[in-house]
Amino acid sequence: MPVMQRASIPDTEELASRLRLGVTRLSRRLRQQAEPGITQSCLAALATIDVHGPMTIGDLCAHEQVRPPTMTRVVASLVQSGFVERHCDPADRRVAWVRTTAEGAKVLHRSRRRKEAFLAKRLRALEPGQLAALEEAVGILEGLVEGPS
């Protein structure tokens, strides 16, 4: 009678360390592929505005987890570049609303395409089994990100 081997259970602390390092390095490489001429903080704020539609600077601060003076500088840079429009709220002139311009949407699109092209090139160098494993891992990563903290 054959002896069944138990699948080894990975050390979660070691796996967490390797995953953190791998994700951090991949994130850094992707940031290097971003659209030139725009800072990462501006690109992140622009993406948030684009996804969530017109929003107040206060809401943008909450999404990006930065303080108002920092976000005010980021928004000013985005406005100066023509990537967002800023309008005062007609009911409360103290509140400013921001929204993505057509040029801002183009910048986001180009940046995303550059990053995806970088990844696609790297993925094409993998073996079919590695691609299948990575496809499964992506689903798991999405669950980690979307699941409860």
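Each reported figure results from applying straightforward, stated rules to the coordinates on display, with no laboratory input. What you see is a predicted model; the values in this text were computed from it and never measured. Methodologically, a virtual Cβ is constructed for each residue, glycine included, from the backbone with ideal geometry; neighbour enumeration extends over all protein chains shown.
Things to note:
- Shape call, segment 75-128: gyration tensor on alpha carbons, a/c limit 1.5: prolate
- Lys/Arg +1, Asp/Glu -1 at C-beta; the chain dipole; positive extreme among H52, L141, T39: T39
- In a DSSP loop and with at most 14 other Cβ atoms within 10 Å, the trypsin sites (Lys or Arg not before Pro) in segment 40-149 are R93, R94.
- Reference-scaled alpha-carbon Rg (2.2 N^0.38 Å with N residues) for the chain: 1.41
- Taken about its Cα centre, the chain carries a charge dipole of roughly 680 debye when the Cβ of each Lys and Arg holds +1 and the Cβ of each Asp and Glu holds -1.
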